[in-house]
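Take a look at the structure below.
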Amino acid sequence: MSMAAEERSARAPWALTAPALMLFVGVLVIPLAMTVMLSFHDWGQYKGIEPVFILKNWREIATDPYYAEMFWRTFRIAILTTLLTALLGAPEAYILNRMSGRWKSFFLLVILGPLLISVVARTLGWALLFGGNNGLVNKLLMTLGVIRSPIPFMFTETGMVVALAHVMMPFMVLSVWAALQRLDPQIENAAMSLGAGPVTIIRRIIMPQIMPGVLSGAIIVFSLSASAFATPAIIGGRRLKVAATLAYDEFLNTLNWPLGAAVATLLLVALVLIVVGSNALIERRYAEVFR
Amino acid sequence: MAYLELDRVAKQFGAQTVVDDFSLAVGRGEFISFLGPSGCGKTTTLQMIAGFLDPTRGAIRLEDKDLTAIHPAKRGLGIVFQSYALFPHMTAAENVAFGLEMRNVPRNERAERVRAALAMVGLAGYEDRHPRRMSGGQQQRVALARALVIKPSVLLLDEPLSNLDAKLREEMQIELRQIQRTIGTTTILVTHDQNEAMSLSDRIVVMSQGKIEQIGTPQETYEKPASAFVSQFLGKTNDFAGTIDRTATPAQLVAGSWSAPAPAGLSGPVTVSIRPERIGFGNAGLNAKIVTRIFQGNHWLFQCESECGLAIVIRQNDGKPQPAEGEAVRLTWRPQDMSVRPRAGA
């Protein structure tokens, strides 16, 4: 091969990926870099944004316990949502996988259904069922005399976790489902023939093999829940802020863009660290199952 | 007395009968093969013995105890699956130890038996390997060790060698037979490979469309096939249309220009079956012309156009000159080498 041809073939991959790379840089890398830069700018009620380099916003986040509490709440809600989806979603996927043809496709549709409906509509549905005195379920339970006062749902962390878990469930079920598909169809029979009962089969044979699926589902659910906006905005409103709603308020209500940018950047960095870290851990721990 | 007995076992899925009227008595230590094409019900029968399926009718007894009343987990049978179904998250040793754990075998004894089982299948030193890091043949051995370590009353093998390449399969066949002879476990093998069935088994159960066609030793099923299906399925065979003439004295069996004294009992149109290796070239017999001649190392394969249709002849490569393509020959065979049955549809 001549030098020119060699050079050309070395350049070809770059030339071929250039359009996608430019799009990636244009709509993701540049805005992200600008957001990070923005977080170091100054802001005042009357002077607006001043493009200087100061650590004011970061210092405020680090020292004001309000932010610590808010971030802790964000991750607490994300962790509880993840646990809830794992506890319900994994058995759900397992049962679904054991169903026969027609029922399987029907229930798969039921599980995936939420993805087809807007998050806002779904969350408002929860609000209609449990919101205050007029929520359907609360009304019914109070009429029946089961409870005296309505179950608090709106503006509570419990409400947020329940609504988020509902939104996130399909991701967990699909992830576990994918892991179940890789199982040898005879593996349960094999364990049974060796003398294992149903509980042992699930605990010793099925669980370890679908664990990677549960964990990768957990990573998806966790990162989506921690950065979720619509559900916390409707259920939590202004009273119970999480990182995403706080950043939104700083940007659009207080107009303190630099502070909002700092909150958003911190959320992003924390999420990337958590996701990358746990992914590495999972891959090392389950190397044999993934291979 | 029969060790494992299947008594008129049948299995229906809806209106479809997959296994019908299956009766078999297996002696202790015997190696039995269920042989048949896919969909003949052999795997279904095996699964009924294993307990993964319940028979619709009939009884399965092990040492005179009703096996169908026992939960599959309590039957104590060793099973090797076609896909091996090893536990991928466990090492070879953990896989083999699983059955012993379920039986609450003490840790020391467990370790000892696992080591012995892996050594028996030639996998000493592979204890800590995970199945995905082993070759197909090695996985197969782990599966065998896992099934044998629990000292099963019966070993069930569901097409265990079908995922291996030809050379490895042959090696495993020999090894499987040796292991089975050494430990004497009663074994049932499901296979669609007639060579495998013949080289491994004490007796073969040839099945077709859910029914037993023949039960016999490999030699019996090959030499004296009970039906056209068996003779076609077990190796190559030539079927010639013939007639038995009872008017002649003595009665004559005639196929083309070949004839011999008729066997007792039959008369009229018959089918004469002869294995290709039992046909020779002679001075008298069926008129034929060699169409193709194929050299296969230790033998020659001839395809001939005969009076009674296409004929296949196999001659050992004994160094003597063989007829060439296009040459006219006479096909002949000894009467005791053929099997004669009434011709269907005649």
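When Cβ neighbours within 10 Å are restricted to other protein chains, what is their mean count per residue of peptide B:84-93? Let's see the in-between values first.
On the way: counts 4, 11, 3, 9, 11, 10, 4, 1, 0, 0.
Counting other chains' Cβ atoms within 10 Å and averaging over B:84-93 gives 5.
Take the alpha-carbon centre of the range A:97-134, take the same for the range B:191-235, and report the distance between them in whole Å.
If you average the Cα positions of each part, the centres end up 56 Å apart.
Can you pull the one-decimal nm distance between simple spin-label points at B:R181 and B:A324, each 7 Å off the Cα toward Cβ?
Rounded to a tenth, the inter-label distance reads 4.6 nm.
Given the Cα-Cα distance of A:R284 and A:I79 and 0.36 nm per residue of separation, how much length would full extension add, in nm?
Numbers: separation 205, 0.36 × 205 = 73.80 nm, distance 2.19 nm.
Full extension of this stretch gives 71.6 nm more.
Work out the mean other chain Cβ neighbour count within 10 Å for the residues of B:226-239 and drop it here as an integer.
Numbers: counts 0, 0, 0, 0, 0, 0, 0, 0, 0, 0, 0, 0, 0, 0.
What the average comes to for B:226-239 is 0.
Under DSSP H, which helices of chain A have Cα atoms covering 30 Å or more of the helix axis and a Kyte-Doolittle average no less than -1.0?
On the way: long enough: A:3-24 (31 Å, 0.41); A:65-98 (49 Å, 0.52); A:157-181 (34 Å, 1.42); A:257-285 (41 Å, 1.54).
Helices meeting the criterion: A:3-24, A:65-98, A:157-181, A:257-285.
Sorted by packing (mean other beta-carbon atoms within 10 Å per residue), highest first, where do B:108-119, A:77-88, A:52-63 land?
A:77-88, B:108-119, A:52-63
Rounded if a/c is under 1.5, else prolate if a/b is larger than b/c, else oblate: which is the range A:71-290, with a ≥ b ≥ c the root eigenvalues of its Cα gyration tensor?
Working: a/c = 2.53, a/b = 1.40, b/c = 1.81.
Taking the square roots of the gyration eigenvalues as a ≥ b ≥ c, the range A:71-290 is oblate.
How many angstrom lie between the Cα centre of the range A:197-233 and the Cα centre of the range B:135-153?
33
Highest mean first, what order results for B:179-188, A:189-198, A:97-106 on Cβ atoms within 10 Å? Could you put the intermediate results ahead of the total?
Values: B:179-188: 17.9, A:189-198: 22.0, A:97-106: 10.9.
Per-residue mean Cβ counts within 10 Å order the peptides as A:189-198, B:179-188, A:97-106.
Helix-only estimate, please: 222 nm mean residue ellipticity of chain A, summing -39500 (n - 2.57) across DSSP H runs of length 4 or more and dividing by its residues, to the nearest 500. Could the numbers behind the result be given before it?
Numbers: 13 runs with 205 residues, N = 291.
Calculated at 222 nm, the ellipticity per residue is -23500 deg cm²/dmol.
Would you compute the Debye intensity of the protein assembly as shown from its alpha-carbon atoms alone, equal scatterers and no solvent, and pass along log10 I(q)/I(0) at q = 0.05, 0.08, 0.09, 0.12 Å⁻¹ to two decimals?
-0.44, -0.84, -0.95, -1.22
For the range A:175-243, which trypsin sites (Lys or Arg not before Pro) pass both filters: DSSP loop (anything but H, G, I, E, B) and at most 13 other C-beta atoms within 10 Å? Each step should come with its number before you reach the end.
Working: sites: A:R182, A:R203, A:R204, A:R238, A:R239, A:K241; in loops: A:R182, A:R238, A:R239, A:K241.
In loop regions of the range A:175-243 (DSSP not H, G, I, E or B), the sparsely surrounded trypsin sites (Lys or Arg not before Pro) are A:R182, A:R238, A:R239.
Give me the distance between the Cα centres of the range B:255-271 and the range B:284-346, rounded to whole Å.
So the two Cα centres are separated by 19 Å.
Charges on Cβ only, +1 for Lys and Arg, -1 for Asp and Glu, centred on the Cα centroid of chain A; of A:A261, A:P51, A:I201, which one is farthest towards the dipole's positive end?
So the residue furthest toward the plus end is A:I201.
A short reminder: the numbers here are calculations on the coordinates, not readings from a lab. Bear in mind the structure is a predicted one, so any value in this text is a computation, not a measurement. Counting neighbours? That spans all protein chains shown, and the Cβs are built from the backbone with ideal geometry, glycine included.
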